[in-house]
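Everything on this sheet refers to the single structure shown next.
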There are 2 protein chains.
Amino acid sequence: MSFAGALRQGATLAVEGQPPAGDLSFLFRPRGVAVLGASSRELSIGYRVVRNLLDAGFTGGIYPVHPTEREVCGLPAFHSISDVPGPIDLVNVALRADRVPEALDACGLAGVRAAIIHSAGFAEVGPQGAVLESQALETARRHGMRLLGPNAQGLMNSDPDVRLYASFTFTPLVPGPVTILAHSGGVAELLNLHLRRAGVGIRWYASPGNSCDVDLSELLAAAATDEGTRVILMYIESVRDMPAFADAALRAGRDKALLVLKAGRTPDGARAVTSHTGALASGDVPFDAILNRAGALRMPTLREAVAAATAIARQPLPRGRRTALVCNAGGPGIAALDDACLSGLECATLTDATRASLRDSQSPFATIGALVDLAATAGPLEFRSALNTLLAADEVDGLVLSMVTPFFVDCDAVADAVALAAATSDKPVVVNVITDGRWSGVEDRLRSSGLPVFEFPEDASRAMAALTRVAEMRTRLPVSPPWERLDRSRLEAVLRASRINSDGWLSQGDAYAMLAAAGIPSAPIVVLRDDAQLSAFVETVARQLGFPVVVKADMPGLVHKLAAGAVLLNIADRASLVAAVTALRSRFGEAHMYAQRQVDGGIEAILGVVAQYPGLPLVMAGQGGTNVEKRGSVAFALAPLDDVAALRLIAGSRCPAFDDTAWDCEIQGEGAQLADALVRLSLLAVILPTVREIDINPLTVLPSGGGCIALDCRMRVS
Amino acid sequence: MSFAGALRQGATLAVEGQPPAGDLSFLFRPRGVAVLGASSRELSIGYRVVRNLLDAGFTGGIYPVHPTEREVCGLPAFHSISDVPGPIDLVNVALRADRVPEALDACGLAGVRAAIIHSAGFAEVGPQGAVLESQALETARRHGMRLLGPNAQGLMNSDPDVRLYASFTFTPLVPGPVTILAHSGGVAELLNLHLRRAGVGIRWYASPGNSCDVDLSELLAAAATDEGTRVILMYIESVRDMPAFADAALRAGRDKALLVLKAGRTPDGARAVTSHTGALASGDVPFDAILNRAGALRMPTLREAVAAATAIARQPLPRGRRTALVCNAGGPGIAALDDACLSGLECATLTDATRASLRDSQSPFATIGALVDLAATAGPLEFRSALNTLLAADEVDGLVLSMVTPFFVDCDAVADAVALAAATSDKPVVVNVITDGRWSGVEDRLRSSGLPVFEFPEDASRAMAALTRVAEMRTRLPVSPPWERLDRSRLEAVLRASRINSDGWLSQGDAYAMLAAAGIPSAPIVVLRDDAQLSAFVETVARQLGFPVVVKADMPGLVHKLAAGAVLLNIADRASLVAAVTALRSRFGEAHMYAQRQVDGGIEAILGVVAQYPGLPLVMAGQGGTNVEKRGSVAFALAPLDDVAALRLIAGSRCPAFDDTAWDCEIQGEGAQLADALVRLSLLAVILPTVREIDINPLTVLPSGGGCIALDCRMRVS
């Protein structure tokens, strides 16, 4: 069952059961591979694929297919796919685009189960190519074959039982724990190349090109269950099926470190001027909410993605953010310290005992401060002793070392000392080495011992910060939504009974009724019916609400009632009420009018729901009133939430440009109340899949546990 | 004359005349160098310095000095400095700290003019070391010797006439246009190392350690007049003498690209809760204001500093931000595009003619969009043609190329084509190459042709952004302050006549009088004298101001009068005025009271002055009222300003977290008025060097050219 489906059942949050992905084992673990378009021309894709399969030591059969050649790379070539004797699960197709559908048909007849289409000239070049792509897909479906591509770079699997290199790229296959999944072949290659330079091997590698059949989400879901994969490094240009991506990301996030790059970070998405939830949730908001729920990290640059993957692949996760910073040259050490703090790490506060122990083992030139500077003269003994002390200290969760290679020190021995200290600790160590080729032994020793090594101190600190963020994501408890707080059948009944206009908007009274059914109170209202006497309305208001009241004119599309002059406050008596209605009528003739009990005091919040993708409603929380316009003053999360997740979301709705002391302090005391309202709203959004958008602005949070009261609400369904 | 001195004369903005720095030619262009502590032990500093002097091919005499050795590195060694026959301008001292003062004395007697003290064990290790450092400095002064250090790594000068490598580091001396000045030897080495990897050589290099005599500011002032220096890359841990640094930075900024790293970017400086100018100008604000006036760039990381220096050293400056982005693999191209936009570049909008010309020369697989993707099959012809077309296009100011090295393309020929196209254009080109060691020829060809080459696409875009920012700084006109707007003698007379309390605060009336003397009007006030009859005050108010008025209680230290309840608005008649004064008296007994004409409407701004360092007053402008609390809603600049600089400052006071549409639109129409007030305030701050702090909050900018009116003002002098 998909995540969206599971949510609609309202019974479970965690994703259970088998992966929804089709079986990709014929792609990643084929018994035999044929290469259509195999060639002896070294500068051809067909040659390169055969070469790569051979060089990587593919454990299955390799069958070059070419109409005339006898031999390719020393292997016998076959004139057609039907001539191949052994079992062929996978073909690599490097033929002209217009020949691909027919070739696939022959493959299907020969029992092939999957194909990688390297050829370009399909949907990416226009309508004619799109027709060819459809033909290829249809042919494959007819034979029950899976397709990677067309316009695909290919895939790899470094599993020693397989050793598959079915791609035309140049970076050799080195086994390791990182799986690379990338729309762009260029980016996949870049990531692989730099991981290899960092001494990190890969597990799977796939670049699906046009993704007419197998796409990144399915690859991600498959990698989620691959035991050899510990880190998934993913580059996404666009998400075709957001619910499928969510499903795969949530699966992958359970056991793997998931690092995600997404193209198109700019333009920032022209921020909508109006403050309704839908407008605020523009751009990558749903995507980021999915990553956040999955415990994935979104990486800002390719470089930082490689650095993070390197550190995670090679080091244990820290238990916290308290990082010791060690150097033998102060300036680079300070740079590491600065960037560590900027990246969210905390500089470990060393105890007196730790300081004393360090002092004892170091030269008088060493400085034991926030930065532990061993001085350029420090040798292997000083390094080993300092690292052992710091890594054994309870107040240290991880260690960043920045070292230069002074010519008057035995730097190889220093590297060995560092490697040994790191290897005997269960805390992560990340190293920056400042040196040139004459000390290449230092880097080699550190790398081969499993340490991540970086050229710049800032890169080392950022890698440690990524390790720490992954660790924090891992330790978050899964959300466990309190479904019992809501009465599903009552919600459904109220929705059925609601008046809904042609655009899907519920009447104001019905929107409030929906909130009431979810257990979110609103200030009571009296609606002025079109056919009612004004005097009767006035008496009803006086009797049911009492004064003072607020009078509002309500129209679809009127988001900022207050700013539009459609809200009159402080109506203190009957005469003022008549005057207010008259004034609003003259201005908003056709609008619905209603009076609402005036609620003063409390903190103004905004809550909202937007369901842009089926089964993936987002909830929003933030500061109400005009503060909504402040960038960053609202935050989004995937529904449903429990109280812990709701409180986290509320804490995330601080505007970083502000010292939001007032909001922080005020909301802290009343957080539980606001969280309960948010949880209820999130459950409602999941239980009623037709809800498209809800805005509660403002929601007043009354002090001293007085509860939350919605003062305005708009709700739209499909 | 120093910048500060020139400013006080009020006659000139540009720094004129000779550099104030002492002559450092004996450090950078010595005729002979002696090495005290020279040694044949290869792992000693004394050996390494002699070795480096020899290997770099120093053009003067090299004289190892050692009490017993006969020869060091094949050169005859001398037993004492007095035995050296040739002229010695410079000594490198690698002796134990306690022997340094005596050795310097001997050097002085032998006619040495400058010394680099490599030895550690001085002020950096505590009081005893500080005494030694004083002795060393005193000895040097007695002999008229300049000192670099102690605890200094040393210096270099790659001038072919000199070829001085007076340092114990390991990176070989490669001549080039970049001068490195860094407190930290480790950072200096790191910068040099990575510049060398990028193919960029250095001109000067200096790391002054404890800087007891020659410091970074003096080195900067000297580099400012060095013809061989085109880029100055500077790393600063702390500034001892801010006016001297300002003076040097302004000199350097006139002719050089000045890139500055400053340590200690965190903690961000606990932001003061109160909104007076002094509190807002915390942390690095004065430093950044100096860099901004000097046209210098502050770099966020060591890596970006190296990248920027590389690009500036190797490429011409662009005329604008419009950047063409070219690639042969879409994904990395998009990453380059994203980071280009995030870094402030604009993606060039290609004309139809340019597009048509590109289309003609490229394969059908090429995509001509915001990103020009030539496709992986593009060869030398396609690259050359695309680059020539784009670099010739009027709508393109610079070009970022991201290229992979497909094995089926002649990549060396592509590199040559790119190099040729770049070399024949006066627009900058920056390249990202994604490849491995098998294509090292590609990088070599590009680098040796003068192109900056980066491993990651984002790095290439950021380097282009740095080039563009330098270009924009260069084209800013020098500030030309309109001194004639202010009457210096009147300002001085009003200040002399002012009542000033023991903390330096001017009385409220005198503060307004100072503004009036500067041509900044304020709302008229009537002060209630301690001995005056209330009834007489009321009559004076009615006669001189008319109603409504505002009544204020004024006390030193009361910054937010309104929030403290010390301002009563809308006093409409005599009776209300009596009641208001009575109410304020009961609350603020000892405070001064005054009435002020109430001014309604207009836009609230805040202006301020803070003079933390003598001769370097900063002016502040921003949004008034509570908006001052918004981070980034105020901006600072070094005084004085002209109208252009004032408008730029006002534009810089937008809070980036806001869509400050209201502020932008409102202020746009009235910018000239606000700028005039700001210019006047900045001139006042320079003309009266005892002014420490001024806050005008709010300053109301009246619509339709109605002028600016200060509604509250505090002023402090020393």
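Just so you know, all these numbers are worked out from the coordinates, no wet-lab data involved. Note that this is a predicted model, so its numbers are computed, not measured. Using ideal geometry, Cβ is built from the backbone for each residue, glycine included, and neighbour counts are taken over all protein chains shown.
Side notes on the structure shown:
- Note on B:182-192: average number of Cβ atoms from other chains within 10 Å of each residue's Cβ is 6.
- Taking label points 7 Å from Cα along the Cα-to-Cβ direction, A:GLN612 and A:ARG574 give a separation of 5.2 nm.
- Length added when fully stretched, A:ALA516-A:THR424, from 0.36 nm per residue minus Cα-Cα: 27.2 nm
- For region B:18-153, average projected area of the Cα convex hull in nm²: 8.5 nm²
- Take each residue in A:325-332, count the other chain C-beta atoms within 10 Å of its C-beta, and the mean is 5.
- Gap separating the Cα centres of region B:299-339 and region A:153-183, nearest whole Å: 31 Å
- Inter-chain Cβ neighbour average for residues A:334-340, partner chain, 10 Å: 6
- Straight-distance crosslink candidates among lysines, where the alpha carbon sits under 21 Å from B:LYS427 and sequence neighbours closer than 8 are dropped: B:LYS256
- Coarse-grained scattering of the protein assembly as shown at q = 0.04 Å⁻¹, given as base-10 log I(q)/I(0) from a Debye sum over alpha-carbon atoms: -0.31
- The Cα center of region B:471-532 and the Cα center of region A:205-260 differ in position by 65 Å.
- Once Rg and the Kirkwood radius are both taken over the C-alpha atoms of region A:503-581, their ratio Rg/Rh works out to 0.96.
- Calculated FRET efficiency for the pair A:ASP352/B:GLU71, C-beta based, R₀ 56 Å, to 0.05: 0.65
- Taking other C-beta atoms within 10 Å as the exposure proxy, A:GLU304, B:GLU395, A:GLU237, B:GLU484 rank B:GLU484, B:GLU395, A:GLU237, A:GLU304 from fewest upward.
- Label spacing, shortest first and in nm, from B:VAL131 to its equivalents in the remaining copies (7 angstrom along Cα→Cβ): 9.6
- Cut-off 17 Å (backbone N to label point 7 Å along Cα→Cβ of B:VAL131), residues of region B:85-104: B:97-102
- Backbone N under 16 Å from the B:ASP241 label point (7 Å along Cα→Cβ), restricted to region B:99-138: B:137-138
- Going from the residue with the fewest nearby Cβ atoms within 10 Å to the one with the most, A:SER425, A:SER207 rank A:SER425, A:SER207.
- Taken along its three principal axes, the alpha carbon spread of region A:73-221 comes to 43, 37, 28 Å, from the longest extent down to the shortest.
- Restricting the calculation to Cα atoms, chain A yields a radius of gyration followed by a Dmax of 31.2, 101 Å.
- Per-q log10 I(q)/I(0), region B:79-146, q = 0.16, 0.18, 0.20, 0.28 Å⁻¹ (Debye; single scatterer per alpha-carbon; no solvent): -0.49, -0.61, -0.74, -1.29
- With the label put 7 angstrom out from Cα along the Cα-to-Cβ vector, A:THR582 ends up 4.0 nm from the copy partners, going from closest to farthest.
- Between helix B:100-109 and chain B there is an angle of about 80 degrees, using the helix long axis and the longest principal axis of the Cα atoms.
- Between identical copies, the spacing of B:ARG496 label points, each set 7 Å from Cα toward the C-beta atom, reads 9.3 nm from nearest to farthest.
- Counting only the Cα atoms, region B:317-475 fills a convex hull of 91 Å³ per residue.
- Taking a straight line from the alpha carbon of A:LYS552, these aspartates and glutamates sit under 13 Å away, with near neighbours fewer than eight places off in the same chain left out: A:GLU590, A:ASP712.
- Every helix of 4 or more DSSP H residues in the protein assembly as shown counts as -39500 (n - 2.57), and over all residues that averages to -11500 deg cm²/dmol at 222 nm.
- With the simple spin-label model, which puts each label point 7 Å out from Cα in the Cβ direction, the A:ARG474 to A:ILE500 separation comes to 4.5 nm.
- Under 10 Å, Cβ to Cβ, from B:VAL679 - net charge with Lys/Arg +1 and Asp/Glu -1: -1
- Extension gain, A:ASP412 back to A:SER82 (0.36 nm per residue minus Cα-Cα distance, nm): 113.0 nm
- Relative contact order (percent, whole number), chain A, Cα cutoff 8 Å, 6+ residue spacing: 10 percent
- Estimated from the Cβ-Cβ distance and a Förster radius of 35 angstrom, the FRET efficiency linking B:ALA536 and B:ARG488 is about 0.40.
- Order of B:ASP241, A:ASP712 under a 10 Å beta carbon neighbour criterion, fewest first: B:ASP241, A:ASP712
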